[in-house]
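Report on the structure given below.
The values are calculated or read from the model by the stated rules, or taken from the named source; none is laboratory data. Note that the structure is a prediction, hence the values are computed from the model and not measured. Quick note on the areas: whole protein, heavy atoms, side chains included, nothing else; ligands and nucleic acids left out. Shrake-Rupley method; radii C 1.70, N 1.55, O 1.52, S 1.80 Å.
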Amino acid sequence: MTIIAPSVLSLDYANVNVQMEQVEQSKAKWIHFDVMDGHFVPNLSFGPDVLKGLRKLSTKIFDVHIMVSNPIYFAKVFSELNIDYLTFHYEVCTHQEILEIINFLKSKQVKVGLSIKPSTKVEMILPYLSMIDLVLVMSVEPGFGGQAFDVSALDKIKYLRKVIDKHSYSCLIEVDGGINAETGKQCVDCGVDVLVAGSYIFKGNIVERVNSLL
Ligand code: DX5
Ligand code: ZN
């Protein structure tokens, strides 16, 4: 069954308790939390204190996606906050730094994700697939919610599905950006495990929108 991860980037922050309760009542198993630093991506979002607050409103799996230029620092900060998955970007790291973050998060019992932007070749992360818990394929340029789905993600998902199944890796495939009922189904048909959706879920009836992605 597909895992749905509503992205709280699109939450109505004038109505946090109500919307978080609706997410809680929905069939979404995860919550996706986007951290943006105004440097790796042009936009700013939220940091550890907001996460601490939302954590108190939810029993879901917390899936933190850090779009930052200094992932080593923020991996340390967020690993202390009772989160489940921490995903960082391939593009800002050397090979040694990737290994360092993976080992650090494992030592903290936090699951590790590695993400690639639409312009990054999927082959670049093959060396890490056996070591990580999740690969995040970005289907929009990271930085903003509400953008259109980039179909180049579909071939990446198909390719990863083949490699992961061939080697029986336990790594999940997640897709993020422009997901709605139609693009979500295309990704599921290509073998994705986790659908992140922000504006599609929060701009409608949350419970129904989640159901439409299952
Ligand atoms: C984009 C973020 C996404 C974003 C998706 O940089 O990583 O998680 O919230 O938003 P939608 O679903 O609106 O494209
Ligand atoms: Zn994200």
Excluding ligands, DNA and RNA, what is the solvent-accessible area per residue of the stretch 128-197 at a probe of 1.4 Å, expressed in Å²? 41 Å²
Given only helices, namely DSSP H runs of n ≥ 4 each adding -39500 (n - 2.57), what is the per-residue ellipticity at 222 nm of the chain, to the nearest 500 deg cm²/dmol? -11000 deg cm²/dmol
For Cys171, the accessible surface traced by a 1.4 Å probe with all protein chains present amounts, in square angstrom to the nearest 10, to 0 Å²
Tell me, what is the 1.4 Å probe accessible area of Met67, in Å² to the nearest 10? 0 Å²
Using 0.36 nm times the number of residues separating Val18 and Asn103, minus their current alpha carbon distance, what extension gain do you get? 26.8 nm
Skipping prolines and chain starts, which residues have an amide H placed within reach, meaning under 5 Å, of the one on Leu172, given they are 5 or more residues away or on another chain? Leu134, Val135
Assuming a viscosity of 0.692 mPa s and a temperature of 37 °C, what translational diffusion coefficient in µm² per second does Stokes-Einstein assign to the chain, Rh being the Kirkwood radius over Cα pairs? 193 µm²/s
